[in-house]
Amino acid sequence: MLRRYVVTAAAGLAATSFAAHGALAQDTIKIGLVQSLTGPLTAVGKQVMGGVNLYRQQHGDTVAGKKIELIVKDDTTVPDVAKRLAQELIVNDKVNILGTGITPATFAIAPLATQSKVPGVVMVSGTSSATERSPYFVRTSFTLGQQSGIIGEWAAKNGSKKVVIVQSDWAPGAEATQVFSDHFTKLGGQILDTLKVPLANPDFSPFLQRARDANPDTLFVFVPAGQAGLFAKQFIDRGLDKAGIKLIGPGDITDDDDLPRMSEAIIGTVTAGLYSAYHPSAVNKAYVEAFKKLNGFRPGFISLGGYDGMHVIYEALKKTNGNTDGEGLIAAMKGLKWESPRGPISIDPETRDIVQNIYIRKVEKRDGELYNVEFATFEAIKDPIKAAKK
Ligand code: PHB
């Protein structure tokens, strides 16, 4: 069962000939979104679509005189389904732009984007190589490396010496572990053990028991959006907080989507993340208010990939005057720079990857609710795995 979710579609591309896209004059521009709206990562799809729908509500459905049509498909958290849906969107619906979701789905869609020259905005995947899988990909989400290196150094400089890693067992988890370990051990930290938890239907309890038995001072944890609530509950149920074991990680483990329902025992958890609903800017205050009004829940970090992804698409179309030629759109997306609710961000013209601030935050109670309160900022952070390859 599990493998269905995590195995990427390595199989060769079906021999499909793609009709010519793009340069043709047209009145409607079609955006095909393939997102996980059901299955193990439903919470991710819900957040990313919350961001997409808010952007559209605020900015309308006409750009450069062209009507923007959204076609939304549910990949059910299965990469082969994502691939089939993307193929149908390209061949049958003749979409001009794709919006991709989680890592395995994004990997499965990459060869289709390359062959058809249909640009894809990567709205969720946090795995470094996603943008290298196709020259037609631009990322508006994040990488796990961006956050994990920074928390690794912070932990080493703030009293953590012996760490056990608990990692969701798929590509972004492997990268969180790799980059955290590099940065933490370089400053003298020691990794006692790395425990890998299945992605689908996880039970963290046995792993937490093993982690506790290893007697670390700190636990570094990566679980994907949607699993933070269950993880926090099992961490507290197993008594790791009372044992004095510090909990750290990328922002996923104190996701704003789950934080309001967590126990106050999670107060004090320090993470390095790209977004907090408590980020103190006028742009963010307006975002949180409008997002809650439209969707009925607090925006989490995943929502920004959708919201900013739509911004990239709209701004690129304005620059090309509505021309949807793939190469022209990617060129127009490169180097875009703007203020997102998460803070200032840009698209690196060299790598087509997102450059963003990473904030160190601590869970605190504010206005009667739990929030990630930012207390240090690392500006304009690039993906460290790509930077190390240079
Ligand atoms: C991913 O698809 O790479 C992904 C999804 C959810 C997360 C982190 C990474 O929280």
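The values are calculated or read from the model by the stated rules, or taken from the named source; none is laboratory data. Since the structure is predicted, the reported quantities are computational estimates derived from the model, not experimental observations. Every residue, glycine among them, receives a Cβ derived from its backbone with ideal geometry; neighbour counts consider all protein chains shown. Ligands, DNA and RNA are stripped out before the accessible areas are found, and what is left, the full protein with its side chains, is counted by its heavy atoms. Shrake-Rupley method; radii C 1.70, N 1.55, O 1.52, S 1.80 Å.
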Pick out, from region 300-390, the helices (runs of 4 or more DSSP H) lying fully within it that include 1 or more residues that are open to solvent by less than 10 Å² (accessible area, probe 1.4 Å), under 19 Å from THR254 (Cα atoms) and of a type in the set (A, V, I, L, M, F, W, C). 301-319
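Table: residues versus (1) assigned to a loop (DSSP other than H, G, I, E, B); (2) over 20 Å from SER168 (Cα atoms); (3) not aliphatic (A, V, I, L, M).
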| position | (1), (2), (3) |
| --- | --- |
| ILE109 | no, yes, no |
| ALA113 | no, yes, no |
| PRO135 | yes, yes, yes |
| GLY145 | no, no, yes |
Of all residues being within 16 Å of the ligand (Cβ to nearest atom) and either of a type in the set (Lys, Arg) or in a loop (DSSP other than H, G, I, E, B) (or both) in region 41-58, which is nearest to PHE291 (Cα to Cα)? Just the residue, please. LYS46
Since VAL288 meets every condition but one in (1) within 14 Å of the ligand (Cβ to nearest atom); (2) open to solvent by 10 Å² or more (accessible area, probe 1.4 Å); (3) not acidic (Asp, Glu), which condition does it not meet? (1)
Of the residues in region 176-188, those that are part of a helix (DSSP H, G or I) and surrounded by fewer than 24 Cβ atoms within 10 Å (Cβ to Cβ) come to THR177, GLN178, SER181, ASP182, HIS183, THR185, LYS186
Within region 79-91, track down each residue that is over 15 Å from ILE31 (Cβ atoms) and open to solvent by 20 Å² or more (accessible area, probe 1.4 Å). ASP80, VAL81, LYS83, ARG84, GLN87, VAL91
Quick one: THR127 ticks every box in (1) over 19 Å from LYS337 (Cα atoms); (2) away from the ligand (no atom under 14 Å from the Cβ); (3) β-branched (Val, Ile, Thr); (4) surrounded by 24 or more Cβ atoms within 10 Å (Cβ to Cβ) bar one, so which box is it? (2)
When the residues of region 152-175 are narrowed to those that are more than 15 Å from ALA130 (Cα to Cα) and within 16 Å of the ligand (Cβ to nearest atom), which ends up surrounded by the most Cβ atoms within 10 Å (Cβ to Cβ)? VAL166
Unique match (being closer than 26 Å to LEU192 by Cβ and open to solvent by less than 10 Å² (accessible area, probe 1.4 Å)) among ILE245, ILE253: ILE253
Please identify the pairs in which a residue from region 325-349 that is at positive phi has its Cβ atom under 9 Å from the Cβ atom of a residue that is open to solvent by 10 Å² or more (accessible area, probe 1.4 Å) and assigned to a strand (DSSP E or B), counting only partners at least 6 apart or on another chain. GLY335/SER346; GLY343/ASN357; GLY343/THR377; GLY343/GLU379
Name the single residue, out of those in region 92-124 being away from the ligand (no atom under 13 Å from the Cβ) and among the small types (Gly, Ala, Ser), that is surrounded by the most Cβ atoms within 10 Å (Cβ to Cβ). GLY120
Please find, within region 130-139, the residue that is farthest from GLY335 (Cα to Cα) out of those that are within 13 Å of the ligand (Cβ to nearest atom) and buried (at least 24 other Cβ atoms within 10 Å of the Cβ). ALA130
For GLY226, are the conditions met, namely being open to solvent by 10 Å² or more (accessible area, probe 1.4 Å), within 16 Å of the ligand (Cβ to nearest atom) and touching a residue at least 12 places away in the same chain (Cβ under 8 Å)? yes
